[in-house]
Amino acid sequence: MRAVTTVASHPKIHATTGIDYREYYIQNTAETVCRHAMDAHRVIWPAIESIVRAQPCWGSPAVIEGLAILPGLFFGADLPHVDACWLLADEPTPDAAGFAWIKTSTAARPTKRH
């Protein structure tokens, strides 16, 4: 997405533009980095959703993966013929809503939408 957008057109997906990525992580708190990531994920959701909507027309199954596919946005969309599965890590991961550290399981948690 960053390759086809600009800071002016989509500032929320360009939080690191103009700064070395290492400096970005040094200069910002974990909460700010998480907020920037969540903002970017919400901004690119319409593009992801359009791909997900078009996929059933392609005639063959597909796996579309990515950190930016947020469960809340996915399940808020009406996506017939699409199933979702999120794999979670055993290591502590940030809770996107509160940035609290939580313990999760490696078990795949398939979630059907019908």
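Every number in this text was worked out from the coordinates using simple rules, so none of it is lab data. Every value quoted in this text rests on a predicted model; they were computed, and no experiment measured them. So basically every Cβ, Gly included, is an ideal-geometry build from the backbone, and we count neighbours across all protein chains shown.
Between Asp39 and Ala3, the modelled label-to-label distance comes to 2.5 nm, taking each label 7 Å out from Cα in the direction of the beta carbon. Measuring from a point 7 Å past the Cα of Ile19 along Cα-to-C-beta, which residues in the range 26-53 have an amide N at less than 16 Å? It comes to 26-40, nothing else. Across the range 2-80, counting alpha-carbon atoms alone, Rg and Dmax equal 15.1, 47 Å.
Between the range 50-83 and the range 1-30, the alpha-carbon centres lie 26 Å apart.
Summarising the amide proton neighbourhood of Trp86: residues at separation of 5 or more, or on other chains, whose placed amide H is nearer than 5 Å comprise Arg109, Thr111.
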